[in-house]
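The values are calculated or read from the model by the stated rules, or taken from the named source; none is laboratory data. Here the structure is a predicted model, which is why all the values come from computation and not from measurement. Cβ sites come from the backbone with ideal geometry, for glycine too, and all protein chains shown count toward neighbours.
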């Protein structure tokens, strides 16, 4: 669990900070390395994505792991090619008629730990869940992953109450970001005031609230939300590790310190709800913060799915690798729950040391379009989608 995690490295934010929170996405840089084409390489992406009867008939139900040998990256062949995505692209302006259809699946395993301290929530139809009195438009959805530590009380309390705090806030539903931020802080105080609970327990909290095409991701801790965008991984949250430069600066300004990657030598996250033995007196500025960082995006046809997971997944797997796995699985069976189970299985194969909780949310009833090779006589290059595909495959 997060009490025994190794110190992280610096993690610059994947988006630009504005006054209202983290709301502007920045596209990650494509690797500088040039991948040279070959006759063997041309067939590899299709084979990985199309699935096979052998894959569906494995005795243990687990798809075999694919790999690409460096021997396949040969000298350029006489035929030039480019990797493209076959399918309709979303309009570049914000006037698309696209409306997401939410389908989700989740998987939670205690892994090698003695106890399971994670909690999660999946609501695909928020309008139906809340009722008409809430004034929330349709379609809408809500998802959350809560990675507890020092016991389960904090994680269970937040899982049961965080949505209620959001809906009851005076800013809901007109100002979602403000309502969510207020809810995290109110939930933290409400947990401290509950005498029946162990308020020294704590939890990270990652939520995604979707209203129509607008999705607001809020994070306090080291869970992570990753968007699958035509095969490319877009991180929508920042891991709040004490070693992260921005978090270390904040901690030290408030009188705290980071020792070997741990906040005040005790906790391997810089933000969490609960842990009131580290926050007293109540109401004072504290290095351990419950305030979430937010990012708002407008979903389009290019946005295929969202992965939300605790650090037990991301400790052993990159964001791009997870997106590649999920996209490949969706093209085989189009089942987000099976995708979440596959991510958990893969993390266990990679010897994760923590509990595992994964949610996969699809935004369309259809599987992602197949990535195919398209010959061209003009250039010897590989598209961004193709490069991201290869990056993910090479990490498997």
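Side notes on the structure shown:
- For residue 248, the conditions (1) touching a strand residue (DSSP E or B) at 6+ places or on another chain (Cβ under 6 Å); (2) buried (at least 23 other Cβ atoms within 10 Å of the Cβ); (3) not in a loop (DSSP other than H, G, I, E, B) all hold with the exception of (2).
- Complete set of residues in region 82-104 that are at pLDDT 95 or above and buried (at least 17 other Cβ atoms within 10 Å of the Cβ): 100, 102, 103, 104
- Qualifying residue in region 298-305 (condition: assigned to a strand (DSSP E or B), surrounded by fewer than 20 Cβ atoms within 10 Å (Cβ to Cβ) and touching a residue at least 24 places away in the same chain (Cβ under 8 Å)): yes
- Residues located in region 309-344, provided they are part of a loop (DSSP other than H, G, I, E, B) and more than 20 Å from residue 230 (Cα to Cα): 310, 315, 316
- Some residue of region 145-161 being under 30 Å from residue 109 (Cβ atoms), free of Cβ contacts under 8 Å to residues at least 24 places away in the same chain and in contact with a helix residue (DSSP H, G or I) (Cβ under 8 Å, 6 or more places away or on another chain): no
- Top-ranked residue in region 251-264 [being part of a strand (DSSP E or B), touching a residue at least 12 places away in the same chain (Cβ under 8 Å) and surrounded by fewer than 24 Cβ atoms within 10 Å (Cβ to Cβ); ranked as nearest to the chain's Cα centre (by Cα)]: 262
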